[in-house]
1. Go through the residues of segment 3-25 one by one and say whether even a single one is within 23 Å of the chain's Cα centre (by Cα), assigned to a strand (DSSP E or B) and not β-branched (V, I, T).
2. Would you confirm, using the coordinates I've provided, whether E75 is at negative phi and surrounded by fewer than 16 Cβ atoms within 10 Å (Cβ to Cβ)?
3. Step by step: first the residues of segment 130-154, then only those that are touching a residue at least 12 places away in the same chain (Cβ under 8 Å) and assigned to a loop (DSSP other than H, G, I, E, B), then the one that is most open to solvent (accessible area, probe 1.4 Å). Which residue is that?
4. In segment 381-402, what residues are among the small types (G, A, S) and either under 19 Å from K161 (Cα atoms) or surrounded by 24 or more Cβ atoms within 10 Å (Cβ to Cβ) (or both)?
5. Could you list all residues from segment 341-386 that are among the hydroxyl-bearing types (S, T, Y), part of a loop (DSSP other than H, G, I, E, B) and more than 11 Å from the chain's Cα centre (by Cα)?
6. Of the residues S43, S48, only one is open to solvent by 30 Å² or more (accessible area, probe 1.4 Å) and either of a type in the set (S, T, N, Q) or outside the structural domain of N358 (by the TED database) (or both); which?
7. Check whether at least one residue in segment 214-224 is buried (at least 21 other Cβ atoms within 10 Å of the Cβ), in contact (Cβ under 8 Å) with a residue 60 or more places away in the chain and either in contact with a helix residue (DSSP H, G or I) (Cβ under 6 Å, 6 or more places away or on another chain) or not assigned by the TED database to the domain that holds G16 (or both), and report yes or no.
Amino acid sequence: MIKNFDIIIVGGGAAGFFTAINIAEKNPKLKIAILERGKEVLSKVRVSGGGRCNVTHACFEPNELVKFYPRGEKELRGPFHQFCSGDTIEWFEKHGVELKIEEDGRMFPVSNSSQTIIDCFLKATEKLGIKVLTGQSVQSIFKKENHWKIDTQSDNFAAEKLVMATGSNPKIWEMLQEHGHAIVSPVPSLFTFNIKDSRIKELPGVAAQVTVNVKDTKLESTGPLLITHWGMSGPAILKLSAWGARILHDKNYQFTIFVNWLNDVDFEDAEKTLKDLKQEHAKKAVSKKSPFDFPNRLWESLVLASGIDAETKWADLSKNQLQNLTLQLTKAEFKVNGKSTFKEEFVTAGGIDLKEINFKTMESKIHQNLYFAGEIVNIDAITGGFNFQNAWTSGFILANNI
């Protein structure tokens with residue numbers, strides 16, 4: 001027996017729920033169902049932001065906000081003028097969830113728990129009579145006259161309008177490809193770098209404000225870098241992985257980076273500072289105390305890597321040693337050999353080709369009454385609440401149009 005609905009939303013994640021709730025609030029007469037393949041809905045929301053759910057980012061200017069999206073910058077400008085981070089805050093407040101801004105601009109529920117967001121969505125779907133059906137793995141999608149037919153492992157559904165909010169799901173992409181949509185092949189984004197190097201081996205947990213470049217590319221990033229047991233992480237590295245998602249994939253994750261531990265200080269200025277220190281601290285051991293704004297342990301490691309032993313005094317530094325140290329500080333070379341997923345934040349670059357979507361409505365340009373929300377399209381952002389903002393914005397615009 002076919003189960004009929006006005007709108008079927010495939011995908012019980014952030015984008016799917018936000019879309020469903022906004023449609024139902026604007027038109028309560030519509031019969032809406034969310035189909036989720038897993039046993040649980042909103043599982044990515046649960047683990048995001050370390051279980052606190054990084055709902056959005058405190059960047060309230062659309063033209064600034066788009067700059068955080070390696071893919072989708074141009075396309076999101078219009079949508080963000082319709083629904084931006086400020087609107088997200090207001091929406092959640094209206095639904096009983098207060099958000100707070102952290103120092104780095106990330107925004108979380110005041111409760112510090114992703115469960116608050118999940119409860120908010122579940123309460124709203126229940127109140128609005130939206131059917132939430134789990135264990136519904138979509139096997140086929142086809143269009144019949146002016147209806148969409150959706151078959152899952154256990155049921156058959158029909159709806160006038162179909163919303164795809166399945167995130168990075170290769171099986172669904174394949175089905176949409178059969179319907180004439182082009183898929184930009186998926187590659188990982190937001191990953192950490194695997195680096196085995198004696199300079200950082202004993203320094204897990206050490207962080208510094210740096211500039212990082214990838215050798216033989218234009219890729220550059222600044223921000224905090226965190227040394228880990230397997231290499232390097234932190235915003236500076238994650239940003240580089242997002243902007244370089246395709247380039248680094250093509251290099252098979254084997255490449256060289258240069259780290260400037262002094263962030264924006266160049267070789268000449270650093271060398272001059274070291275020469276001044278040589279005069280001022282002539283009798284002190286070079287390795288003992290970091291004269292720069294990063295931890296002593298890191299300083300000591302870079303001093304030793306420059307061929308200066310632990311007891312050498314500033315006065316005894318040779319010209320060669322001074323230059324080596326300047327290089328270690330401003331252009332330390334590290335070989336990257338592979339990547340690791342960053343926490344549970346698995347983000348993919350790739351998806352439905354952006355040229356095939358009308359960003360005023362989020363409707364497919366190929367099929368009428370087929371819509372897309374969230375990460376199923378070739379849009380992704382750096383870490384900090386931006387991927388969720390794309391989910392809220394696309395869901396809102398889509399709901400408005402429907």
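The values are calculated or read from the model by the stated rules, or taken from the named source; none is laboratory data. Note that the structure is predicted; figures quoted are calculated from it, not measured. Cβ sites come from the backbone with ideal geometry, for glycine too, and all protein chains shown count toward neighbours. Heavy atoms of the whole protein, side chains included, go into the accessibility calculation; ligands, DNA and RNA do not. Shrake-Rupley method; radii C 1.70, N 1.55, O 1.52, S 1.80 Å.
1. First, the residues of segment 3-25 that are within 23 Å of the chain's Cα centre (by Cα): 10-19.
If we keep only those that are assigned to a strand (DSSP E or B) as well, we get 10.
Now narrow it down to the ones that are not β-branched (V, I, T): none.
No: zero hits.
2. Working: at negative phi: yes; surrounded by fewer than 16 Cβ atoms within 10 Å (Cβ to Cβ): no.
Considered against the rule, which asks whether it is at negative phi and surrounded by fewer than 16 Cβ atoms within 10 Å (Cβ to Cβ), E75 comes out as no.
3. Q153
4. Just the residues of segment 381-402 that are among the small types (G, A, S), to begin with: 381, 384-385, 391, 394-395, 399.
Matches in segment 381-402: A381, G385, A391, S394, G395, A399.
5. The one that is among the hydroxyl-bearing types (S, T, Y), part of a loop (DSSP other than H, G, I, E, B) and more than 11 Å from the chain's Cα centre (by Cα): T361.
6. Working: S48 fails: open to solvent by 30 Å² or more (accessible area, probe 1.4 Å).
Of the residues listed, the single one that is open to solvent by 30 Å² or more (accessible area, probe 1.4 Å) and either of a type in the set (S, T, N, Q) or outside the structural domain of N358 (by the TED database) (or both) is S43.
7. Looking through segment 214-224, none of the residues is buried (at least 21 other Cβ atoms within 10 Å of the Cβ), in contact (Cβ under 8 Å) with a residue 60 or more places away in the chain and either in contact with a helix residue (DSSP H, G or I) (Cβ under 6 Å, 6 or more places away or on another chain) or not assigned by the TED database to the domain that holds G16 (or both).
Residue-by-condition table, conditions (1) open to solvent by less than 40 Å² (accessible area, probe 1.4 Å); (2) modelled with pLDDT of 95 or more; (3) under 30 Å from G350 (Cα atoms):
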| position | (1), (2), (3) |
| --- | --- |
| P235 | no, no, yes |
| A270 | yes, yes, no |
| K284 | no, yes, no |
| K288 | no, no, no |
| L302 | yes, yes, no |
| S318 | no, yes, no |
